[in-house]
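Below is one structure, written out as structure tokens, with a few remarks after it.
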Protein chains: 2
Amino acid sequence: MSRPRLTDVAALAGVSMKTVSNVVNGTGSAAPATRARVRAAIDELGYRPNVTARRLATGQTGTISVAISSVTVPYFAEMSNLLDRAARTVGLRVVIEQTHGDRSNELAILAERERGLVDGVIFHPVALTPDDLADRSPGFALVLLGEGPAPAAVDHVMIDNVAAAREATAHLIAKGCRHIAFLGVEGRRLTHTTGQRFAGYHQALDAAGLRPDRRRHLQINHYSADEGYRAVVDAIDRGIALDGIVCRDDSLATGALHALHSRQVAVPGDVAVTGWDDLIVARHLWPPLTTVGPNKPEIAQTAVRLLAERVQGYQGPGRHEIVASQLVCRDSTAR
Amino acid sequence: MSRPRLTDVAALAGVSMKTVSNVVNGTGSAAPATRARVRAAIDELGYRPNVTARRLATGQTGTISVAISSVTVPYFAEMSNLLDRAARTVGLRVVIEQTHGDRSNELAILAERERGLVDGVIFHPVALTPDDLADRSPGFALVLLGEGPAPAAVDHVMIDNVAAAREATAHLIAKGCRHIAFLGVEGRRLTHTTGQRFAGYHQALDAAGLRPDRRRHLQINHYSADEGYRAVVDAIDRGIALDGIVCRDDSLATGALHALHSRQVAVPGDVAVTGWDDLIVARHLWPPLTTVGPNKPEIAQTAVRLLAERVQGYQGPGRHEIVASQLVCRDSTAR
DNA sequence: CTGAAAGCGCTAACAC
DNA sequence: GTGTTAGCGCTTTCAG
């Protein structure tokens, strides 16, 4: 005995498929008596519509996917959650898909492996190059998140990284820091995002007449607390002079604080620290972390709105929206 | 011009649908020359198979869903990630679905809203009652995670909460703690999970001849760092004697550490603290957190294996697997 | 207001 | 090896 289908319900209720379909979907109208009979038949059989069949027939899925590298990266977890909520309010379902930061997985997103599975995707690429993104099939509803490269034709939601990094760095300078490190330089080549934050950091140093020092550009291999810890312990043990650290993100900052504590360096007394993302955990670190707080709810709402418009057929040029961010000052820089 | 279908490719290549299907799926065999012609046609047209149609035809989706309350809960994020990886190794795709801890959303999972969308679901319920779980349609591939109630008929992967809580508490006692609080008692009624951990905590106190004290049962409204912070600050300010805290999970412990620092209480000198889950962040908290570490990779692999067996038609009785956990000792109890 | 029939795009028997 | 023909379960014209 396999599961009941629409025709089974129709047969039991003594009506046609169309009528059952109407009752199930609330389309058209049905006589109250008929409706009741159909409902009874549905209950008796335990009928559930087959989503896949409906999708095939309508061509619409009512579902969008959120493609991120990993939900274990707190920033992506928080964004996924907000995107989910934002999408629900406009009647869209969300599934989250992890690329694990792998270029081939990211390419698969663009290759529309999912054609027919979702109506569109909100995508935060981390490993793709501008070329990868350049040629995509048109008519594929796509909204890009993050500060990576985005072709003009594609919708894109971002924040002003350079300005925010400048502000965070200037804040440390205002607190009297003169030997400010930047934690989060990738080994090979800077990612687009890091490049912008790094640029803002340098602009602020410049503006204050401070000389950059390469020894204070702290390298990492991943954006993890582990790496932040390692890099800062390393810098301290090599005797590099430091009185402030601009961290590329809060995970690195988490590790940085741990490193400073473990080397008996007072925060913010000896070294002041800023993070980036305003993760939930940021205000529970010790000391609570000053961090660049992007307006995440607005990012989510904007992305969903843009995607919904694409899904509904908007074919115009790419929109590039810049969402505000704000430096959230806490004790890690309070001096 | 809509997107190309299998028939379009077939027409262009001058072959039948079946042949194209063979080439696309690697089924059957095709003459090299034919194969090449088909490939060329596919490239020229930019053809992508429609996943939905394939699903309808085969009845299998190759996808499972992971249903959790929220990816912003670090434990769920880590588990989702591990489940994803485990599923990939057996050729299954994973989509993550958030219930936001909402009972109606959780019921929707059981109601198989997704019928036809996924082959099965790995589900960590938080709001359901035993009754909710009791009557489900048979033949629906389902594996339950966590320590909630699980009907005998349903596969279930869990850890031994009572034993682990006893071990964590005994560890504090061995370190000389005599006034040990339990942080994480829910307001109304204990959840199944909390109840087990709470029971283990009491067993250890009993075994050491320590008297429980209701004032040291710290109440919370959510499992968040915010709540942990609030509850511990509250206890300190009310002058409740404390020299150890067993936290129901690492998020609460994060807030507890913050609270202790902000009230100048030394950890572990004045108060030793244990958490639960061994989140990534646990070893970067200050001081690094002693915590109950479930074997998460094994939980994930076990759950995927059980589900894969169900998907492949296993109809036997429910399997209830207990996975090991281990107390990970760090500085928050080092005294 | 309800019924019959034609697809949605693909896979899978079964012939050729 | 390759083509033909039914479906998968639903929605949707178009009649009645």
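Residues being outside any helix (DSSP H, G or I), closer than 25 Å to A:G139 by Cα and within 11 Å of DNA strand C (Cβ to nearest atom) are entirely absent from the range B:36-45.
Name every residue in the range B:12-23 that is within 11 Å of DNA strand C (Cβ to nearest atom) and loosely packed, with under 15 Cβ neighbours inside 10 Å, in order of residue number.
B:S16, B:M17, B:K18
Looking at B:Q326 and the list (1) part of a helix (DSSP H, G or I); (2) surrounded by fewer than 24 Cβ atoms within 10 Å (Cβ to Cβ), which single condition is not satisfied? All conditions pass for B:Q326, except number (1).
If you filter the range B:46-75 down to residues that are more than 11 Å from DNA strand C (Cβ to nearest atom) and β-branched (V, I, T), you find that the one that is farthest from the other protein chains (Cβ to nearest Cβ) is B:I64.
Of the residues that make up the range A:4-11, is at least one near DNA strand C (Cβ under 9 Å from one of its atoms) and more than 13 Å from chain B (Cβ to nearest Cβ)? Yes; the residues of the range A:4-11 include at least one that is near DNA strand C (Cβ under 9 Å from one of its atoms) and more than 13 Å from chain B (Cβ to nearest Cβ). The residues on offer are B:G275, B:G244, B:G228, B:G269, and the sole one that is touching a residue at least 60 places away in the same chain (Cβ under 8 Å) and in contact with a strand residue (DSSP E or B) (Cβ under 8 Å, 6 or more places away or on another chain) is B:G244. Collect the residues in the range B:283-298 that are surrounded by fewer than 24 Cβ atoms within 10 Å (Cβ to Cβ) and touching a strand residue (DSSP E or B) at 6+ places or on another chain (Cβ under 9 Å), keeping them in residue-number order. Hits for the range B:283-298 are B:R283, B:P287, B:G293, B:P294, B:N295, B:K296, B:E298.
Take the residues in the range B:76-101 that are part of a loop (DSSP other than H, G, I, E, B) and among the small types (G, A, S); name whichever of them is nearest to the other protein chains (Cβ to nearest Cβ). If you could, list the steps in order and put the result at the bottom.
Of all residues in the range B:76-101, those part of a loop (DSSP other than H, G, I, E, B) come to B:90-92, B:99-101.
Then drop every residue that is not among the small types (G, A, S), which leaves B:91, B:101.
Working: B:G91: 14, B:G101: 12 Å.
Taking the candidates together, the pick is B:G101.
The residue pairs whose first member lies in the range A:42-57 and is over 17 Å from B:Q60 (Cβ atoms), whose second member is of a type in the set (A, V, I, L, M) and crowded, with 18+ Cβ neighbours inside 10 Å, and whose beta carbons are closer than 7 Å, counting only pairs six or more residues apart or on different chains, are A:I42/A:V9; A:E44/A:L12; A:L45/A:V9; A:L45/A:L12; A:Y47/A:V9. Scanning the range B:243-270 for residues that are part of a loop (DSSP other than H, G, I, E, B) and surrounded by fewer than 24 Cβ atoms within 10 Å (Cβ to Cβ) yields B:D243, B:R263, B:Q264, B:V265, B:A266, B:V267, B:P268, B:G269, B:D270. Taken over the range A:59-77, the residue count meeting the criterion of being under 9 Å from the mean Cα position of the chain (by Cα) and farther than 17 Å from B:V95 by Cα is 1. Does A:H179 satisfy the condition of being surrounded by fewer than 23 Cβ atoms within 10 Å (Cβ to Cβ), in contact with a Phe, Trp or Tyr (Cβ under 6 Å, 6 or more places away or on another chain) and not hydrophobic (A, V, I, L, M, F, W, C)? When the stated conditions are applied, A:H179 does not pass them. Which residues, counting only those in the range A:284-312, are over 30 Å from A:T333 (Cα atoms) and either within 14 Å of chain B (Cβ to nearest Cβ) or among the β-branched types (V, I, T) (or both)? A:T302, A:V304, A:V311, listed by residue number.
Pick from the range B:24-34 the residues that are outside any helix (DSSP H, G or I) and exposed (fewer than 13 other Cβ atoms within 10 Å of the Cβ): which of them is farthest from DNA strand C (Cβ to nearest atom)? Top of the filtered list is B:A31. When A:V281 is tested against (1) modelled with pLDDT of 95 or more; (2) of a type outside the set (F, W, Y); (3) in a helix (DSSP H, G or I); (4) out of contact with any Gly (no Cβ under 6 Å at 6 or more places or on another chain), only condition (1) is not met. Just one of B:S21, B:S104 is in a helix (DSSP H, G or I) and either away from DNA strand D (no atom under 16 Å from the Cβ) or at pLDDT 90 or above (or both); which is it? Answer to the selection: B:S104. Restricting to the range A:60-75, and then to whatever is part of a loop (DSSP other than H, G, I, E, B) and in contact (Cβ under 8 Å) with a residue 12 or more places away in the chain, can you tell me which residue is surrounded by the most Cβ atoms within 10 Å (Cβ to Cβ)? Looking at residues that are part of a loop (DSSP other than H, G, I, E, B) and in contact (Cβ under 8 Å) with a residue 12 or more places away in the chain, I get A:V71. Collect the residues in the range A:47-103 that are among the basic types (K, R) and closer than 15 Å to A:L307 by Cα, keeping them in residue-number order. Within the range A:47-103, A:R85, A:R88, A:R93 meet the criteria.
The values are calculated or read from the model by the stated rules, or taken from the named source; none is laboratory data. Computed from a predicted structure; not experimentally measured. Cβ sites come from the backbone with ideal geometry, for glycine too, and all protein chains shown count toward neighbours.
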